[in-house]
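The values are calculated or read from the model by the stated rules, or taken from the named source; none is laboratory data. Here the structure is a predicted model, which means the values were calculated and not measured. Neighbour counts are summed over all protein chains in view; Cβ atoms, including those assigned to glycine, are modelled from backbone coordinates with ideal geometry.
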């Protein structure tokens, strides 16, 4: 039996696998290759969509379906299709129209499997999407956009990077807090609402989480031990439900979990090289 054959390792992408500047430390990539070569099952567990994986899918080695949309779906890169998904139980177009009416100061986006869709002209959103190498398009009224897995509300685009969306003035923070509460009051009976960043709010089907998708994948793969790593509040369900969970020392939730080094120093590599061998020693 290979060294890591009992392990499924799922890790958050932004600021866990990546450094804060969105680059991926080479140390992490080397460690992942070593982990897979020695029998481990590895994948990314992220709020990103299928289109947003283009930025890393040819760089990061994975040997299990990607867990995407904050747990709403798993996507098999080798077969280029969803392995499983959980759709939002709302009419897509009715929801878009209501969001645009309730929150005219924010950008409404639906994240589909083929592309991300906008509903008004928005050059800043286009530039942001292009920087993420993410397929994006204007959606004509009533168009079929595929599975309704996730919609997102953005604050002002001041930069093309995801990293910039973690910044915000006190006024912006208060506004996004208000919007988050309104979304829960309006659709909380059918949806989960996540604050993905200071100026980003994501909405998914009720009951979905990174934890649920990780456990579903673990069951499908037949792995005995689930190890997870994450840095932010939307990682909390995954981290709490995992058999073992680790956070970068500079992560937002670092105080709640055992930590490894800062994300920019190769936090995932620390999990693989240091923490997982300790886990296996306890198991033997």
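In the stretch 47-54, is there at least one residue being farther than 28 Å from residue 145 by Cβ, assigned by TED's automatic domain parsing to the domain that holds residue 221, in contact with a strand residue (DSSP E or B) (Cβ under 8 Å, 6 or more places away or on another chain) and crowded, with 24+ Cβ neighbours inside 10 Å? No - not one qualifying residue is present in the stretch 47-54.
For the stretch 247-271, residues that are in a helix (DSSP H, G or I), over 12 Å from residue 17 (Cα atoms) and over 20 Å from the mean Cα position of the chain (by Cα) total 1. Assess whether residue 67 counts as being closer than 25 Å to residue 233 by Cα and in a strand (DSSP E or B). Yes, satisfied.
Of the residues examined, residue 17 is not one that is surrounded by fewer than 19 Cβ atoms within 10 Å (Cβ to Cβ), within 22 Å of residue 209 (Cβ to Cβ) and at pLDDT 95 or above.
Going by what's in this entry, would residue 101 be described as surrounded by 15 or more Cβ atoms within 10 Å (Cβ to Cβ) and closer than 17 Å to residue 201 by Cβ? No; evaluated as a whole, the condition is false for this residue. The criterion of at least 1 residues that are buried (at least 20 other Cβ atoms within 10 Å of the Cβ) and in the same structural domain as residue 134 (by TED's automatic domain parsing) is met by the following strands (runs of 3 or more DSSP E) wholly inside the stretch 150-241: 151-154, 191-197, 200-205. Among the residues of the stretch 20-33, write down those that are out of contact with any strand residue (DSSP E or B) (no Cβ under 6 Å at 6 or more places or on another chain) and under 21 Å from residue 218 (Cβ atoms). Hit for the stretch 20-33 is 31, nothing else.
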